[in-house]
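Single-structure report; data block below.
The values are calculated or read from the model by the stated rules, or taken from the named source; none is laboratory data. Not measured: the values here are computed from a predicted model. Note that we place each Cβ from the backbone using ideal geometry, even for glycine, and neighbour counts take in every protein chain shown.
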Amino acid sequence: MTNNPVTLLENGWIVKVSRPKIGSAKEMILLLHGWTGDENSMWLFTHRLGQKFAIAAPRAPLPTEHGGYAWVSVRAGEWNSLQEFSSMAKQVNKQIPIWLKMIGLGENSPINLMGFSQGAALAYTYAFLYPEKLKKIACLSGFLLQNSESLQTTSLLSGKQFFVAHGTDDEIVPIEFARQSVKFLQKAGAKVVYCEENVGHKLGTNCFEGINHFFQADE
């Protein structure tokens, strides 16, 4: 196999995958793009992850009127609920065994998530529903969903590793959302690395570097 990315259509989903040399990768990172993004949007985060990971970046299924795609429909002046994202998380979960096979990994291989904005909200939701399937989760410029507190227990995410990054000048998702997310995750038993920088709805240099350290670090 090769580490050159290819874009495939499988079971109704478009997904961009990177398949490292045989035997070099033991884990998958699943990239979840933000609102109006697509399967290419998150690829800039992969350049320094090396051969340790196979990578899959699916295109969200809902076209938006602004171009690109979304995981759930956006309504002006409202934040989506946990219930809305749960349906999509379950659809993604059904596809994961297929994507693992596409990139040459077994169905029980470790799964890591990296999501941006709406994709980060989906990553949080997936972690709440299927914590046993995940190893590390990076949530970038994202937000917890309404009613997430209904899932909060002291052991929900026990020992799970999260990287949370956000811009203090984010004009789309307020910085306070990230700070609240960190408190929630810690109360649910997660280990959290938090990074914030004076940028808008994007990652600063230090947080970008922090992602690489987070995923490359041993347990």
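General remarks:
Condition check ((1) surrounded by 19 or more Cβ atoms within 10 Å (Cβ to Cβ); (2) under 18 Å from the mean Cα position of the chain (by Cα)) across all residues:
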{"residue": "41", "(1), (2)": "yes, yes"}
{"residue": "48", "(1), (2)": "no, yes"}
{"residue": "59", "(1), (2)": "yes, yes"}
{"residue": "65", "(1), (2)": "no, no"}
{"residue": "71", "(1), (2)": "yes, yes"}
{"residue": "87", "(1), (2)": "no, yes"}
{"residue": "91", "(1), (2)": "no, yes"}
{"residue": "94", "(1), (2)": "no, yes"}
{"residue": "101", "(1), (2)": "no, no"}
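- One residue from 113, 105, 44 being closer than 17 Å to residue 140 by Cβ, hydrophobic (A, V, I, L, M, F, W, C) and outside any helix (DSSP H, G or I): 113
- Some residue of segment 196-205 being under 22 Å from residue 85 (Cα atoms), of a type in the set (Val, Ile, Thr) and crowded, with 16+ Cβ neighbours inside 10 Å: no
- Only listed residue being within 19 Å of residue 172 (Cα to Cα), part of a loop (DSSP other than H, G, I, E, B) and either modelled with pLDDT under 90 or aromatic (Phe, Trp, Tyr) (or both), chosen from 25, 76: 76
- Cross-chain or 6+ apart pairs with Cβ under 8 Å, segment 12-27 first and over 20 Å from residue 95 (Cα atoms) and among the small types (Gly, Ala, Ser), then modelled with pLDDT under 75 and surrounded by fewer than 21 Cβ atoms within 10 Å (Cβ to Cβ): 24/51
- Residue in segment 169-183 that is small (Gly, Ala, Ser) and either crowded, with 23+ Cβ neighbours inside 10 Å or more than 22 Å from residue 41 (Cα to Cα) (or both) present: yes
- Flag for residue 162 being part of a strand (DSSP E or B) and either among the β-branched types (Val, Ile, Thr) or within 24 Å of residue 87 (Cβ to Cβ) (or both): yes
- Residue check: residue 136 meets all listed conditions (1) buried (at least 20 other Cβ atoms within 10 Å of the Cβ); (2) of a type in the set (D, E, K, R); (3) in a helix (DSSP H, G or I) but one, namely (3).
- Among residues of segment 9-22 being part of a strand (DSSP E or B) and surrounded by fewer than 16 Cβ atoms within 10 Å (Cβ to Cβ), the one that is modelled with the highest pLDDT is 9.
- All of 185, 144 fail the test of being at pLDDT below 95, among the aliphatic types (A, V, I, L, M), part of a helix (DSSP H, G or I) and farther than 25 Å from residue 26 by Cβ, apart from 185.
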